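The values are calculated or read from the model by the stated rules, or taken from the named source; none is laboratory data. A quick note: this is a predicted structure, and the numbers were derived from the prediction, not measured. Every residue, glycine among them, receives a Cβ derived from its backbone with ideal geometry; neighbour counts consider all protein chains shown. Just so you know, the surface numbers come from the protein's heavy atoms only, side chains and all, with ligands and any DNA or RNA stripped out. Shrake-Rupley method; radii C 1.70, N 1.55, O 1.52, S 1.80 Å.
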Amino acid sequence: MKTLGLRSLTPEVLRFLREEHKMAFIAGPRQVGKTTFARRLLEESRTEMLYFNWDVAEHRSLLVKHPGNFWQHREGVAGKPRPRMVLDEIHKFPRWKRFLKGLYDQYGRASEIIVTGSGRLDVYQRGGDSLFGRYHLYHVHPFTLGELLAGDRNSVVSPSDFWTHIRSDAPRQAEEMLGDLEKLTGFPEPLFAGSEARLRRWRQAHRTIVLREDLRDLTRIRDVGIIETLALLLPERVGSPVSVNALRENLDVNFATVKGYLEILSRLFYIFTVKPYAARLARTLRLAEKVYLFDPTEIPEEGARFENLIALHLRKLVDTWTEYGFGDFELRYIRDREKREVDFLITEARKPYALIEAKLTAVDLDPNLRYFAERLKPLYSVQVVRNATGVRSTKHISGTFLVPAHIFCNLI
């Protein structure tokens, strides 16, 4: 396989730094490969010495003592035009937004600044310390099938090309690699080790880092036991709208506390949520969100685990299309009070764009998919099937694509 530092984001981030002269924020889960990716960008510009990590005491001291010119204290940087630098985990610095604002306002046009972090780097305009207009946020996701199969890791396709290629065949090894993603996750360490024993050790370490170290660094919560218990309750709830009241009873805390803890787990990229869509239909659910895991290997039920795998691919797809400027895409789901449901709905500018139903096995189209397709009238309707008996290629039936999972995921 190609070097792990190459990711599908590489050409876009390089273009952005070269043409738009703003800071590139790179966010994503712990151990997903952000640091490796960022270091490869430094190698490309031959400024490897300009990597600064807030978790490293020496780097932290340099940033605090010399906030105006910290990079100039590194050997080999003199004389480099528009030096490229990486600030890793800088959001742990209590005054990080003010620090970056000052850095960009003074040196943004004369340097290329990349900021990475596993805590959420979303920044909102708040008075004098706003970074509004000074950065663009990109996400690094766990590896998807398309990224694994693309020789140069450049697997991003535009919305129009996506639907053109959905009828194409996937590479011969696509099914086998999809199975690897199901067993080993898309996180680089367990995936490329190819060992389920390694996965189990990695999972324990990953959980400890996120639910203890990152939680301590990014919040004031000290009693982490309840959040750890909440994390253990979530895998069996994947695939269904999450009842906060049920979780509240399990944890013996109040409603607001559970909502707050779910938000923290989302902020730490341990989970992500998908909201219901109800803009154009009556009798649809409007409150309950669905929860998915960035590491779905703990999910006990096979159907829910496959749905989570598709959710991860779709989350990357909508983030990428939005971040590349193709449109304003969001991932939702739809369910009504009669319990008719379609797993996913991609919206574009808040309008129905594509309905996607994930099935372990199926020969015919799901009736709920037909029902909501007739009422929402999205541009596209898709049923993704993991074990498509007798279906080895994409079929187009009554306006809906019936697609084997390895073909669909190969496009993302």
- Item | Part-to-part distance (alpha-carbon centres) for segment 140-207 and segment 24-88, which is given in Å | 28 Å
- Amide H contacts under 5 Å for SER381, placed H, 5+ residues apart: LEU355, PHE401
- Query: Using a ≥ b ≥ c from the Cα gyration tensor of segment 12-145 (square roots of the eigenvalues), is it rounded, prolate or oblate, where a/c under 1.5 gives rounded and otherwise the larger of a/b and b/c decides, a/b for prolate?
  - Reply: rounded
- Query: On a 0 to 90 degree scale, rounded to 10, what angle separates helix 196-208 from the longest Cα axis of the chain?
  - Reply: 60 degrees
- Item | Selection of GluC sites (Glu not before Pro), segment 19-123, meeting DSSP coil and at most 14 other Cβ within 10 Å | GLU75
- Note on the structure: With Cα coordinates, the longest principal axis of the chain makes an angle with the long axis of helix 34-45, in degrees rounded to 10, of 50 degrees
- Of ARG15, ARG216, which has the most accessible area and how do the rest follow, probe 1.4 Å? ARG216, ARG15
- Find how many whole Å separate the alpha carbon centroid of segment 225-247 from the alpha carbon centroid of segment 331-355. 22 Å
- Quick one: which residues, 5+ away or cross-chain, put their amide H under 5 Å from the amide H of TYR138? H built at 1.01 Å from N. PHE25, ILE26, ALA27
- Item | Among LEU287, LEU148, LEU312, residue whose mean-square fluctuation peaks in a GNM of the chain (springs only between Cα atoms under 10 Å) | LEU287
- Name the residue, out of LEU376, LEU345, LEU268, whose mean-square fluctuation peaks in a Gaussian network model built on the chain with Cα pairs under 10 Å. LEU376
- Reviewing (i) -0.35, -0.72, -0.87; (ii) -0.68, -0.97, -1.06; (iii) -0.30, -0.63, -0.77, the figure for log10 I(q)/I(0) by the Debye sum over Cα atoms at q = 0.07, 0.10, 0.11 Å⁻¹ actually calculated from this model sits under (i)
- Please sort 33-42, 231-240 by packing, taking for each peptide the average over its residues of neighbouring beta carbons within 10 angstrom, highest first. 33-42, 231-240
- Query: Helix 255-267: angle to the longest alpha-carbon principal axis of the chain, degrees 0 to 90, nearest 10?
  - Reply: 70 degrees
- Query: Across segment 168-174, in residue order, what do the Karplus-derived ³J(HN,Hα) couplings come to in whole Hz, using 6.51 cos²θ - 1.76 cosθ + 1.60 with θ = phi - 60° and x for Gly and Pro?
  - Reply: 7, 7, 8, x, 4, 8, 4
- Message: Suppose we keep just the DSSP beta bridges with both residues in the chain; what percent of those would be antiparallel, to 5?
- Response: 40 percent
- ARG60 - accessible surface, heavy atoms, 1.4 Å probe, Å² rounded to 10: 80 Å²
- Query: On average, how much accessible surface per residue is there in the chain, in Å², for a 1.4 Å probe, leaving out ligands, DNA and RNA?
  - Reply: 45 Å²
- Note on the structure: Computed ³J(HN,Hα) along segment 305-320: with the Karplus parameters 6.51/-1.76/1.60, θ = phi - 60°, integer Hz and x for glycine or proline, the list is 5, 5, 4, 5, 4, 5, 4, 5, 5, 5, 4, 5, 4, 5, 4, 5
- Task: For segment 381-386, take each phi angle, set θ = phi - 60°, evaluate the Karplus expression 6.51 cos²θ - 1.76 cosθ + 1.60, and give the result in whole Hz per residue in order, putting x for glycine and proline.
- Result: 9, 9, 10, 9, 10, 6
- Under 5 Å, built H, 5+ apart or other chain: amide partners of ASP343: ALA358
